[in-house]
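Let me begin by presenting the structure, written as C-alpha coordinates, before commenting on it.
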Amino acid sequence: MRIGITCYPTYGGSGAVATELGLELARRGHEVHFISYASPFRLRGFEERVSFHEVVTADYPLFEHAPYALSLAVKQHEVALRENLDLMHVHYAIPHATTAWLAKQMMDQVRDLKVVTTLHGTDITLVGKDPSYFTITKFSIEQSDRVTAVSQYLRDETYRTFGCVGCEVTVIPNFISTADYHPAPDGKTCALAPAGHKLLVHVSNFRPVKRVTDVVRIFAGVRQAMAATLVLVGDGPERDAAEAEVDRLGLKRNVRFLGKVENVADILRGAHLFLLPSNTESFGLAALEAMACGVPVVASNLGGIPEVVVNGETGHLAPVGDVAQMTERAVALLKDPDAHARMRARAIARAREFSAERVVPLYEQLYQDVLRD
Ligand code: GMT
(Lines give C-alpha, C1' and ligand atoms only; values in the text may rest on other atoms or scores of the structure.)
Protein backbone atom coordinates (compact mmCIF):
# COMPACT_ATOMS: atom_id res chain seq x y z
CA MET A 1 0.00 0.00 0.00
CA ARG A 2 1.02 3.63 -0.45
CA ILE A 3 0.30 5.45 2.79
CA GLY A 4 0.48 9.13 3.73
CA ILE A 5 1.05 9.85 7.43
CA THR A 6 0.53 13.24 9.04
CA CYS A 7 1.49 13.85 12.66
CA TYR A 8 3.05 16.43 14.94
CA PRO A 9 6.78 16.04 14.42
CA THR A 10 7.75 17.31 17.86
CA TYR A 11 8.64 15.43 21.03
CA GLY A 12 5.41 13.71 22.08
CA GLY A 13 3.59 10.40 22.12
CA SER A 14 1.38 10.86 19.07
CA GLY A 15 4.32 11.81 16.83
CA ALA A 16 6.39 8.95 18.25
CA VAL A 17 3.69 6.36 17.57
CA ALA A 18 2.93 7.74 14.09
CA THR A 19 6.60 7.63 13.13
CA GLU A 20 7.24 4.16 14.53
CA LEU A 21 4.12 2.97 12.73
CA GLY A 22 5.38 4.42 9.44
CA LEU A 23 8.78 2.80 9.89
CA GLU A 24 7.25 -0.59 10.74
CA LEU A 25 4.91 -0.36 7.74
CA ALA A 26 7.87 0.42 5.46
CA ARG A 27 9.76 -2.61 6.85
CA ARG A 28 6.71 -4.67 5.93
CA GLY A 29 6.97 -3.49 2.31
CA HIS A 30 4.55 -0.55 2.25
CA GLU A 31 5.52 2.86 0.85
CA VAL A 32 5.22 5.59 3.47
CA HIS A 33 5.08 9.37 2.99
CA PHE A 34 5.31 11.57 6.09
CA ILE A 35 3.72 14.99 5.64
CA SER A 36 4.31 17.63 8.31
CA TYR A 37 6.03 20.98 8.97
CA ALA A 38 9.24 19.26 10.09
CA SER A 39 10.76 15.82 9.92
CA PRO A 40 9.33 13.73 12.82
CA PHE A 41 11.83 13.52 15.68
CA ARG A 42 12.06 9.73 15.53
CA LEU A 43 12.80 9.69 11.80
CA ARG A 44 16.56 9.41 11.72
CA GLY A 45 18.47 9.02 8.49
CA PHE A 46 17.51 7.16 5.36
CA GLU A 47 14.97 4.34 5.48
CA GLU A 48 13.94 2.27 2.49
CA ARG A 49 10.43 3.15 1.21
CA VAL A 50 10.11 6.19 3.53
CA SER A 51 9.97 9.84 2.39
CA PHE A 52 9.28 13.09 4.13
CA HIS A 53 7.36 16.00 2.57
CA GLU A 54 7.73 19.34 4.30
CA VAL A 55 4.77 21.69 4.60
CA VAL A 56 5.83 25.29 4.07
CA THR A 57 3.52 28.15 4.93
CA ALA A 58 3.86 31.41 3.02
CA ASP A 59 3.83 34.43 5.28
CA TYR A 60 2.08 37.68 4.44
CA PRO A 61 1.83 40.93 6.44
CA LEU A 62 -1.95 40.51 6.61
CA PHE A 63 -1.65 37.24 8.55
CA GLU A 64 -1.04 37.43 12.25
CA HIS A 65 -0.71 33.63 12.11
CA ALA A 66 0.07 31.96 8.79
CA PRO A 67 -2.72 29.41 8.04
CA TYR A 68 -0.74 26.17 8.46
CA ALA A 69 -3.83 24.00 8.07
CA LEU A 70 -4.41 25.26 4.53
CA SER A 71 -0.81 24.63 3.48
CA LEU A 72 -1.01 21.17 5.03
CA ALA A 73 -4.20 20.32 3.10
CA VAL A 74 -2.53 21.51 -0.11
CA LYS A 75 0.55 19.35 0.57
CA GLN A 76 -1.55 16.29 1.50
CA HIS A 77 -3.50 16.67 -1.75
CA GLU A 78 -0.33 17.22 -3.79
CA VAL A 79 1.46 14.18 -2.31
CA ALA A 80 -1.65 12.00 -2.63
CA LEU A 81 -1.83 12.85 -6.34
CA ARG A 82 1.86 12.64 -7.18
CA GLU A 83 2.61 9.54 -5.13
CA ASN A 84 -0.71 7.89 -5.93
CA LEU A 85 -1.51 7.36 -2.24
CA ASP A 86 -4.11 4.78 -1.27
CA LEU A 87 -4.89 6.44 2.03
CA MET A 88 -3.99 9.23 4.42
CA HIS A 89 -3.50 8.22 8.05
CA VAL A 90 -3.59 11.24 10.34
CA HIS A 91 -2.56 11.25 13.99
CA TYR A 92 -4.21 13.74 16.38
CA ALA A 93 -7.50 15.08 15.03
CA ILE A 94 -6.73 18.81 15.20
CA PRO A 95 -6.20 19.99 12.50
CA HIS A 96 -5.02 16.85 10.74
CA ALA A 97 -8.40 15.12 10.33
CA THR A 98 -9.82 18.36 8.95
CA THR A 99 -7.01 18.97 6.47
CA ALA A 100 -7.18 15.33 5.31
CA TRP A 101 -10.92 15.79 4.70
CA LEU A 102 -10.14 18.89 2.61
CA ALA A 103 -7.50 16.98 0.63
CA LYS A 104 -10.02 14.20 0.08
CA GLN A 105 -12.58 16.70 -1.28
CA MET A 106 -10.00 18.15 -3.64
CA MET A 107 -9.21 14.61 -4.89
CA ASP A 108 -12.86 13.85 -5.47
CA GLN A 109 -12.80 14.07 -9.27
CA VAL A 110 -9.76 11.80 -9.44
CA ARG A 111 -10.49 9.03 -6.91
CA ASP A 112 -11.56 8.47 -3.34
CA LEU A 113 -8.66 9.14 -0.99
CA LYS A 114 -9.42 7.20 2.19
CA VAL A 115 -8.82 8.98 5.47
CA VAL A 116 -7.93 7.13 8.68
CA THR A 117 -7.86 9.24 11.85
CA THR A 118 -6.16 8.10 15.04
CA LEU A 119 -7.24 9.93 18.18
CA HIS A 120 -4.47 10.27 20.73
CA GLY A 121 -5.72 12.15 23.77
CA THR A 122 -6.09 15.86 24.28
CA ASP A 123 -7.53 16.19 20.76
CA ILE A 124 -10.60 14.70 22.48
CA THR A 125 -10.21 15.29 26.22
CA LEU A 126 -8.98 18.90 26.23
CA VAL A 127 -8.44 20.79 22.97
CA GLY A 128 -11.24 19.20 20.92
CA LYS A 129 -13.75 20.07 23.66
CA ASP A 130 -12.93 23.75 23.47
CA PRO A 131 -15.81 25.66 21.83
CA SER A 132 -13.40 27.09 19.26
CA TYR A 133 -12.66 23.58 17.93
CA PHE A 134 -15.62 21.42 18.99
CA THR A 135 -17.84 21.39 15.90
CA ILE A 136 -15.04 21.02 13.38
CA THR A 137 -13.43 18.23 15.42
CA LYS A 138 -16.73 16.36 15.61
CA PHE A 139 -17.33 16.92 11.87
CA SER A 140 -13.84 15.77 10.89
CA ILE A 141 -14.05 12.63 13.02
CA GLU A 142 -17.45 11.76 11.57
CA GLN A 143 -16.18 12.34 8.02
CA SER A 144 -13.13 10.10 8.43
CA ASP A 145 -13.39 6.74 6.69
CA ARG A 146 -12.01 4.98 9.76
CA VAL A 147 -11.36 6.25 13.28
CA THR A 148 -9.13 4.60 15.85
CA ALA A 149 -8.44 5.47 19.48
CA VAL A 150 -5.39 4.38 21.43
CA SER A 151 -7.38 3.06 24.42
CA GLN A 152 -10.83 1.94 25.43
CA TYR A 153 -10.96 4.96 27.72
CA LEU A 154 -10.37 7.34 24.79
CA ARG A 155 -12.95 5.55 22.66
CA ASP A 156 -15.54 5.99 25.41
CA GLU A 157 -14.57 9.65 25.89
CA THR A 158 -14.97 10.25 22.15
CA TYR A 159 -18.54 8.92 22.19
CA ARG A 160 -19.31 10.76 25.43
CA THR A 161 -17.96 14.10 24.21
CA PHE A 162 -18.87 14.10 20.53
CA GLY A 163 -21.58 11.48 20.12
CA CYS A 164 -20.15 10.83 16.65
CA VAL A 165 -23.26 9.70 14.79
CA GLY A 166 -22.67 6.74 12.51
CA CYS A 167 -19.02 6.63 13.43
CA GLU A 168 -17.35 3.51 14.76
CA VAL A 169 -14.22 4.05 16.83
CA THR A 170 -11.88 1.06 16.81
CA VAL A 171 -9.39 0.65 19.66
CA ILE A 172 -5.86 -0.04 18.48
CA PRO A 173 -3.44 0.40 21.36
CA ASN A 174 -0.06 2.04 21.09
CA PHE A 175 2.93 -0.23 20.67
CA ILE A 176 6.67 -0.40 21.20
CA SER A 177 9.47 -1.85 19.16
CA THR A 178 10.99 -4.53 21.37
CA ALA A 179 14.20 -4.17 19.35
CA ASP A 180 14.56 -0.66 20.79
CA TYR A 181 12.79 -0.94 24.15
CA HIS A 182 14.15 -3.89 26.11
CA PRO A 183 16.04 -4.45 29.36
CA ALA A 184 19.85 -4.24 29.32
CA PRO A 185 20.92 -7.67 27.97
CA ASP A 186 24.14 -7.81 30.00
CA GLY A 187 22.84 -5.79 32.96
CA LYS A 188 25.12 -2.92 31.93
CA THR A 189 23.43 0.49 31.95
CA CYS A 190 24.58 4.08 31.52
CA ALA A 191 25.69 5.60 34.82
CA LEU A 192 23.27 8.41 35.50
CA ALA A 193 23.33 8.07 39.26
CA PRO A 194 26.13 7.46 41.79
CA ALA A 195 26.65 3.84 42.87
CA GLY A 196 24.12 2.76 45.47
CA HIS A 197 21.50 5.29 44.40
CA LYS A 198 18.04 4.33 43.22
CA LEU A 199 17.37 5.99 39.87
CA LEU A 200 13.92 7.47 39.27
CA VAL A 201 13.03 8.70 35.78
CA HIS A 202 10.32 10.86 34.24
CA VAL A 203 9.97 11.47 30.49
CA SER A 204 7.49 13.95 29.02
CA ASN A 205 6.98 17.15 27.08
CA PHE A 206 6.60 19.04 30.39
CA ARG A 207 3.11 20.28 29.66
CA PRO A 208 0.87 21.17 32.66
CA VAL A 209 -1.07 17.87 32.30
CA LYS A 210 2.11 15.98 33.24
CA ARG A 211 2.27 17.51 36.75
CA VAL A 212 6.06 17.56 36.72
CA THR A 213 6.18 19.37 40.06
CA ASP A 214 4.44 16.29 41.56
CA VAL A 215 7.31 14.23 40.12
CA VAL A 216 9.75 16.41 42.06
CA ARG A 217 7.67 16.19 45.27
CA ILE A 218 7.41 12.39 45.07
CA PHE A 219 11.15 12.25 44.58
CA ALA A 220 11.68 14.51 47.61
CA GLY A 221 9.83 11.93 49.74
CA VAL A 222 11.83 9.04 48.29
CA ARG A 223 15.06 10.94 48.87
CA GLN A 224 14.25 11.21 52.57
CA ALA A 225 14.04 7.41 52.78
CA MET A 226 17.07 6.38 50.69
CA ALA A 227 19.92 7.51 48.46
CA ALA A 228 18.32 8.34 45.14
CA THR A 229 18.67 10.37 41.94
CA LEU A 230 15.92 11.77 39.74
CA VAL A 231 16.45 12.16 36.00
CA LEU A 232 13.95 14.23 34.02
CA VAL A 233 13.96 13.82 30.26
CA GLY A 234 12.25 16.23 27.86
CA ASP A 235 11.39 19.89 27.85
CA GLY A 236 8.37 22.15 27.74
CA PRO A 237 6.42 24.91 29.45
CA GLU A 238 6.60 23.46 33.00
CA ARG A 239 10.36 22.99 33.11
CA ASP A 240 10.98 26.30 34.88
CA ALA A 241 8.38 25.44 37.53
CA ALA A 242 9.95 22.00 38.04
CA GLU A 243 13.43 23.52 38.37
CA ALA A 244 12.09 26.05 40.88
CA GLU A 245 10.54 23.21 42.92
CA VAL A 246 13.84 21.33 42.88
CA ASP A 247 15.60 24.45 44.22
CA ARG A 248 12.88 25.14 46.79
CA LEU A 249 13.17 21.60 48.17
CA GLY A 250 16.98 21.70 48.16
CA LEU A 251 17.30 18.77 45.77
CA LYS A 252 19.62 20.27 43.18
CA ARG A 253 22.48 17.80 43.77
CA ASN A 254 20.23 14.80 43.18
CA VAL A 255 18.13 15.90 40.22
CA ARG A 256 19.27 16.03 36.61
CA PHE A 257 17.33 17.74 33.82
CA LEU A 258 18.58 16.19 30.58
CA GLY A 259 16.32 18.10 28.16
CA LYS A 260 15.33 16.43 24.89
CA VAL A 261 17.40 13.32 24.24
CA GLU A 262 17.08 10.69 21.55
CA ASN A 263 18.23 7.55 23.33
CA VAL A 264 15.49 7.43 25.97
CA ALA A 265 15.65 3.62 26.11
CA ASP A 266 19.29 3.76 27.25
CA ILE A 267 18.25 5.97 30.15
CA LEU A 268 15.22 3.84 31.04
CA ARG A 269 17.31 0.65 31.13
CA GLY A 270 19.24 1.98 34.13
CA ALA A 271 16.15 3.13 36.06
CA HIS A 272 14.52 1.54 39.11
CA LEU A 273 11.22 3.42 38.89
CA PHE A 274 9.30 5.52 36.35
CA LEU A 275 7.01 8.33 37.54
CA LEU A 276 3.93 9.50 35.60
CA PRO A 277 1.57 11.41 37.94
CA SER A 278 -0.40 13.06 35.06
CA ASN A 279 -3.71 14.91 35.24
CA THR A 280 -4.97 13.14 32.16
CA GLU A 281 -3.41 10.43 30.02
CA SER A 282 -5.28 8.59 27.31
CA PHE A 283 -2.67 5.83 27.16
CA GLY A 284 0.71 6.65 28.68
CA LEU A 285 3.19 5.58 26.01
CA ALA A 286 6.09 6.69 28.19
CA ALA A 287 4.97 4.23 30.89
CA LEU A 288 4.82 1.42 28.34
CA GLU A 289 8.32 2.23 27.10
CA ALA A 290 9.58 2.17 30.69
CA MET A 291 7.93 -1.20 31.39
CA ALA A 292 9.45 -2.65 28.22
CA CYS A 293 12.87 -1.68 29.58
CA GLY A 294 12.10 -3.46 32.87
CA VAL A 295 11.07 -0.44 34.93
CA PRO A 296 7.98 -0.55 37.20
CA VAL A 297 5.76 2.53 37.11
CA VAL A 298 4.13 4.74 39.74
CA ALA A 299 1.36 6.71 38.05
CA SER A 300 -2.07 8.29 38.33
CA ASN A 301 -5.01 5.94 38.33
CA LEU A 302 -6.93 7.53 35.49
CA GLY A 303 -7.64 7.61 31.78
CA GLY A 304 -6.02 4.84 29.78
CA ILE A 305 -3.17 4.26 32.23
CA PRO A 306 -4.82 1.23 33.95
CA GLU A 307 -5.13 -0.40 30.51
CA VAL A 308 -1.33 -0.32 30.30
CA VAL A 309 -0.01 -0.42 33.88
CA VAL A 310 -1.58 -3.25 35.88
CA ASN A 311 -1.99 -1.92 39.41
CA GLY A 312 -0.01 -3.97 41.93
CA GLU A 313 1.52 -6.10 39.15
CA THR A 314 3.58 -3.86 36.88
CA GLY A 315 3.41 -0.72 38.98
CA HIS A 316 1.30 1.19 41.46
CA LEU A 317 -1.55 3.55 40.61
CA ALA A 318 -2.89 6.25 42.93
CA PRO A 319 -5.42 9.10 42.65
CA VAL A 320 -4.18 12.08 40.70
CA GLY A 321 -2.38 14.56 42.97
CA ASP A 322 -1.99 12.07 45.82
CA VAL A 323 1.72 12.68 46.20
CA ALA A 324 1.77 11.04 49.65
CA GLN A 325 0.38 7.73 48.39
CA MET A 326 2.64 7.71 45.33
CA THR A 327 5.65 8.40 47.54
CA GLU A 328 4.70 5.68 50.01
CA ARG A 329 4.28 3.11 47.19
CA ALA A 330 7.54 4.16 45.57
CA VAL A 331 9.50 3.87 48.83
CA ALA A 332 7.99 0.49 49.73
CA LEU A 333 8.82 -0.94 46.31
CA LEU A 334 12.35 0.44 46.18
CA LYS A 335 13.07 -0.96 49.66
CA ASP A 336 11.96 -4.47 48.75
CA PRO A 337 14.34 -5.99 46.15
CA ASP A 338 12.26 -9.19 45.77
CA ALA A 339 9.02 -7.32 45.13
CA HIS A 340 10.87 -5.01 42.75
CA ALA A 341 12.34 -7.95 40.79
CA ARG A 342 8.90 -9.58 40.51
CA MET A 343 7.29 -6.35 39.33
CA ARG A 344 10.10 -5.76 36.87
CA ALA A 345 9.59 -9.21 35.31
CA ARG A 346 5.83 -8.68 35.05
CA ALA A 347 6.36 -5.22 33.52
CA ILE A 348 8.56 -6.71 30.78
CA ALA A 349 6.03 -9.47 30.06
CA ARG A 350 3.11 -7.00 30.02
CA ALA A 351 4.92 -4.65 27.63
CA ARG A 352 5.45 -7.51 25.18
CA GLU A 353 1.66 -7.67 24.79
CA PHE A 354 2.02 -4.25 23.10
CA SER A 355 4.82 -5.21 20.71
CA ALA A 356 4.86 -3.84 17.16
CA GLU A 357 4.56 -7.43 15.87
CA ARG A 358 1.18 -7.71 17.55
CA VAL A 359 -0.23 -4.24 16.97
CA VAL A 360 0.95 -3.10 13.51
CA PRO A 361 -0.98 -5.90 11.72
CA LEU A 362 -4.16 -4.44 13.26
CA TYR A 363 -3.53 -1.21 11.34
CA GLU A 364 -2.74 -3.16 8.16
CA GLN A 365 -6.04 -5.01 8.51
CA LEU A 366 -7.87 -1.72 9.05
CA TYR A 367 -6.28 -0.25 5.90
CA GLN A 368 -7.27 -3.32 3.88
CA ASP A 369 -10.83 -3.04 5.15
CA VAL A 370 -11.15 0.64 4.32
CA LEU A 371 -9.69 0.16 0.84
CA ARG A 372 -12.17 -2.66 0.19
CA ASP A 373 -15.15 -0.42 1.07
O1 GMT B 1 -2.91 14.30 23.44
C2 GMT B 1 -1.82 14.82 23.71
O3 GMT B 1 -1.60 15.46 24.72
C4 GMT B 1 -0.72 14.68 22.75
C5 GMT B 1 -0.14 13.34 22.69
C6 GMT B 1 1.30 13.53 22.39
O7 GMT B 1 1.60 13.82 21.24
O8 GMT B 1 2.09 13.45 23.33
O9 GMT B 1 -0.26 12.54 23.87
C10 GMT B 1 -1.29 11.60 23.87
O11 GMT B 1 -0.95 10.58 22.97
C12 GMT B 1 0.00 9.63 23.41
C13 GMT B 1 0.23 8.63 22.28
O14 GMT B 1 -0.96 8.03 21.90
C15 GMT B 1 -0.51 8.96 24.68
O16 GMT B 1 0.43 7.99 25.12
C17 GMT B 1 -0.69 10.03 25.75
O18 GMT B 1 -1.27 9.41 26.89
C19 GMT B 1 -1.61 11.11 25.26
N20 GMT B 1 -1.59 12.23 26.21
C21 GMT B 1 -2.64 12.58 26.93
O22 GMT B 1 -3.70 12.02 26.88
C23 GMT B 1 -2.42 13.73 27.85
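The values are calculated or read from the model by the stated rules, or taken from the named source; none is laboratory data. Model, not experiment: these values are computed from the prediction. Because the Cβ atoms are built from the backbone with ideal geometry, glycine has one as well, and the counts that use them run over all protein chains shown. To get the accessible areas, we keep the full protein, side chains included, count just its heavy atoms, and leave off ligands, DNA and RNA. Shrake-Rupley method; radii C 1.70, N 1.55, O 1.52, S 1.80 Å.
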Taking only Cα atoms, what is the 0 to 90° angle, nearest 10, from helix 134-143's long axis to the longest principal axis of the chain?
-> 70
Could you give the dipole magnitude of region 1-135 about its Cα centre, charging the beta-carbon of Lys and Arg +1 and that of Asp and Glu -1, in debye to the nearest 20?
-> 280
So which lysines pass the test for residue 198, namely a Cα distance under 24 Å, with those fewer than 8 places away in the same chain ruled out?
-> 188, 210, 252, 260, 335
As straight-line cross-link partners of residue 114, the qualifying lysines (C-alpha separation under 25 Å, not fewer than 8 residues apart within one chain) are 75, 104, 138
The distance between the Cα centres of region 25-66 and region 111-143, in whole Å, is 20
Quick one: pull the percent of accessible area on region 198-352 belonging to carbon and sulfur, 1.4 Å probe, ligands and nucleic acids left out.
-> 45
Round to the nearest 10 and give me the degree value, 0 to 90, for the angle of helix 212-225's Cα axis relative to the longest principal axis of the chain.
-> 20
Find, among the GluC sites (Glu not before Pro) in region 1-87, those assigned to loop by DSSP (not H, G, I, E, B) with at most 10 other beta-carbon atoms within 10 angstrom.
-> 48, 64
Student exercise, region 198-352 dipole from Lys, Arg, Asp, Glu Cβ charges, in Debye to nearest 20 = 340
Everything considered on the Cα gyration tensor (a ≥ b ≥ c; rounded for a/c under 1.5, else prolate if a/b is larger than b/c, else oblate), region 1-149 must be described as rounded
Relative to the chain, whose Cα atoms define the longest principal axis, helix 337-352 and its Cα axis are tilted in degrees, nearest 10, by 10
Give a quick list of GluC sites (Glu not before Pro) in region 255-299 that DSSP marks as loop, anything other than H, G, I, E or B, with at most 15 other Cβ atoms within 10 Å.
-> 262
Where the chain is the region considered: accessible area per residue in Å², 1.4 Å probe | 42
Region 60-102: chymotrypsin sites (Phe, Trp or Tyr not before Pro) falling in loop per DSSP and having at most 15 other Cβ within 10 Å | 63
Note to self, the chain gives a 222 nm [θ] from helices alone (DSSP H runs n ≥ 4, -39500 (n - 2.57) apiece, / all residues, nearest 500) of -13000 deg cm²/dmol
How many angstrom separate the Cα center of region 322-360 from the Cα center of region 181-257?
-> 17
